[in-house]
Amino acid sequence: MTGGLGRIGRYGIVGIGSNLFCYAVFLGLIAASVPAVPASGGVYILGLTISYLLNRSWSFRSRGSHASDLPRFLLAYGIGLVFSLVSMWVLIRWMHPAFAQIVTTLAAALVIYTSLTILKFGGSPHHAD
């Protein structure tokens with residue numbers, strides 16, 4: 001159980017850092033009059049590279065190959081992307097895009113982490129830290 005908590009903690013740290021950076025980019029895009037949904041999608045893709053590298057090497061401490069890990073990661077983040085775009089599309093009807101992005105990001109993080117675990121990204125979800 002401790003290993004899982006360590007991994008989710010590292011995942012959270014990576015997520016907070018990369019999402020703060022991406023949120024700043026999102027706000028800049030909104031300020032530049034980029035519509036919220038495409039801005040959200042673009043920022044998502046930006047964070048994908050950062051997230052793959054840090055989560056693979058540190059959060060999940062993968063022992064697998066890129067050939068094994070990358071498709072699982074992309075599938076989990078693809079699920080997260082669809083979730084994020086639908087969430088953003090729904091939420092901007094009731095709240096400012098800046099707040100909708102925060103809600104979307106937090107909810108998508110849970111969807112993605114669950115997907116990564118189910119897909120066994122980085123090896124078995126029960127491997128030792």
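The values are calculated or read from the model by the stated rules, or taken from the named source; none is laboratory data. Keep in mind that what you see is a predicted model, and the values were worked out from it rather than measured. In this analysis, Cβ positions are derived from the backbone assuming ideal geometry, glycine residues included, and neighbour counts consider all displayed protein chains.
Assorted remarks:
- Only one entry of PHE99, PHE26 meets the criterion of being surrounded by 15 or more Cβ atoms within 10 Å (Cβ to Cβ) and among the hydrophobic types (A, V, I, L, M, F, W, C), and that entry is PHE26.
- Among the residues here, SER115 does not qualify as polar (S, T, N, Q), surrounded by fewer than 18 Cβ atoms within 10 Å (Cβ to Cβ) and closer than 19 Å to GLY6 by Cα.
- So VAL14, is it surrounded by 15 or more Cβ atoms within 10 Å (Cβ to Cβ), in contact (Cβ under 8 Å) with a residue 12 or more places away in the chain and touching a Cys at 6+ places or on another chain (Cβ under 7 Å): no
- So SER18, is it among the small types (Gly, Ala, Ser), at pLDDT below 95, within 10 Å of the chain's Cα centre (by Cα) and in a helix (DSSP H, G or I): yes
- Candidate set from region 46-80 (those that are in contact with a Phe, Trp or Tyr (Cβ under 9 Å, 6 or more places away or on another chain) and assigned to a loop (DSSP other than H, G, I, E, B)); member that is surrounded by the fewest Cβ atoms within 10 Å (Cβ to Cβ): GLY64
- Here is the figure for region 21-45: residues that are part of a helix (DSSP H, G or I), free of Cβ contacts under 8 Å to residues at least 60 places away in the same chain and over 21 Å from LEU110 (Cβ atoms) total 8.
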